[in-house]
Each structure stands twice: as C-alpha cells, then as structure tokens.
Amino acid sequence: MMNLMKHRRNVIAAGVAGAIVLAALGMGIVYFMVFAGSSPQKLALSSPEPSSSSSAASPASTAGAGTWTGGSGSQAGYRVREQLASLAAPSDAVGRTSAITGSVILTQSASTYTVSAASFSVNVSTLTSDRSMRDQRIHRQGLESDRYPTATFQLTSPIVLPAEAASGQAIHVAATGTLTIHGVSKTVTIPIDARLSGSQVELVGSITFPFSDFGMTPPSIGGFVSVQDNATMEFQLKLGHSGA
C-alpha cells in the first residue's frame with residue numbers, strides 16, 4: 001500500500017512538473033510568436049535637400065554659431081536581439097520615442113566649427129515598439145522605466161568638426177560624455193554622423209553595451225524566451241537654431 005501511494009505521489013509530481021514546463025514553453029512560444037516581426041531600419045541621416053545650384057554650399061547656407069535645440073523629427077530608442085531557447089530570433093526588437101529635449105552649442109572661428117557643449121534627456125517611459133506586450137514588460141524588467149524614466153547624455157569634451165562641416169557635407173565625429181541609463185552613469189564615446197545646414201543640425205549615432213554596464217538584467221521568460229546580453233541605444237536628433 002505504501003509503495004502504491006508513493007508511486008501515485010511520484011506520478012502526480014511528475015505530472016505537475018511536466019505541466020509547468022509545458023506552460024512555460026507555451027508562454028515562451030506565444031511570446032516569441034507575438035513579439036517577432038519586421039524591425040525598423042537602423043537610424044541614418046536624412047537625404048540632403050536638393051540644391052538649386054551645382055556649386056558647393058556657401059558659408060551663409062551652413063549652420064550658424066549659437067544654440068541649437070531639439071526639434072520635430074527627433075527620436076531615440078533601443079535595439080535588442082530576442083531569442084527563443086537556443087534559436088536566434090528572426091529580427092531585432094526595437095523601441096523608440098520622440099520625447100527628447102536638449103541642445104547643442106556651436107562656436108565658430110573662421111571656417112572651423114566646434115561643439116562646445118551638448119546635453120540631451122529622453123523620457124524612456126514613453127518608448128514604444130510594434131508590440132504593446134513588450135512595451136509593458138520593459139516598464140518592470142531590463143530598463144525598468146517605471147523606476148528610471150529618464151536617460152541622459154552630457155558632453156564632457158568639446159568636438160572640433162572637420163572642414164567638410166562648413167560645406168554642409170555629412171561628417172563623422174565622436175562624442176565623449178556621461179551617459180546615464182537605469183540610474184547608472186558611465187563615460188562613453190559615441191560615434192556620430194552629422195550634417196550642418198542653415199536650417200538644421202542633424203545628428204545620428206548609436207552605442208552598444210552589455211546590460212550589466214548599466215546595472216540591468218536582460219528580460220527572460222522561464223529560460224525559453226530571453227534577450228541577448230547586449231543592448232544598443234540609438235538616436236536621430238534634428239536641431240533648430242534658437243539664437244546666439
């Protein structure tokens with residue numbers, strides 16, 4: 001009798017364990033199937049406006065010295081790779097927001113431009129992707145935007161722009177400063193593509209880092225659905241002149 005009861009308990013325990021595993025697996029598959037989708041392209045500089053003249057842009061048509069502040073069309077966000085068990089997800093998970101404030105200060109000496117100061121703030125609690133379930137999850141896991149709703153960047157070293165900036169061409173620079181995400185601040189150097197014109201300064205860049213660099217843990221569901229350890233922060237800033 002005792003052996004029979006023990007056998008029944010083992011069978012029940014095995015059944016419960018199996019049900020839990022199947023439920024977790026089912027949740028993981030549903031999560032993966034719902035979350036998977038086409039991802040937005042990586043951010044890039046906008047195409048330059050067509051010129052009415054074939055000649056090179058004159059200094060009067062390039063960006064002037066002074067303060068440039070965030071305008072319409074600016075966006076920032078994240079890009080991460082999701083996995084189901086050991087299978088790579090077919091696309092990245094991407095979330096973005098236009099809730100950005102900040103400014104850049106340009107100084108000019110002859111034909112040389114220098115970014116003497118820059119700072120930006122992003123309301124990460126407004127990040128949205130193509131799936132509301134994912135958006136809700138990062139409020140509590142990973143980024144934990146309910147607890148840490150703001151990400152910031154503060155330039156700490158001036159950037160001397162190459163000569164091409166004066167002609168309105170796309171240029172490539174590096175911005176070193178303090179990046180704060182998830183309540184953790186780190187000194188980083190971000191590669192940036194930029195274009196200066198009379199009406200707009202546009203900056204596009206991205207940086208990839210392990211979640212742990214900013215005290216975050218990649219989201220996971222029962223070990224069946226997980227996010228790879230590296231995350232990418234990306235942005236496209238379109239700035240308008242607000243005065244000297």
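Here are some notes:
- For the range 129-212: rounded, prolate or oblate by the Cα gyration tensor [a/c cutoff 1.5]: prolate
- Spin-label pair THR189/THR101, simplified geometry with 7 Å Cα→Cβ offset, distance in nm: 3.2
- Relative contact order for the range 99-244, counting Cα pairs under 8 Å that sit 6 or more residues apart, in percent: 18
- Of the peptides 205-212, 228-235, the order by per-residue mean of other Cβ atoms within 10 Å, starting with the highest, comes out as 228-235, 205-212.
Every number in this text was worked out from the coordinates using simple rules, so none of it is lab data. Remember, predicted model here, so these are calculated numbers, not experimental data. In this analysis, Cβ positions are derived from the backbone assuming ideal geometry, glycine residues included, and neighbour counts consider all displayed protein chains.
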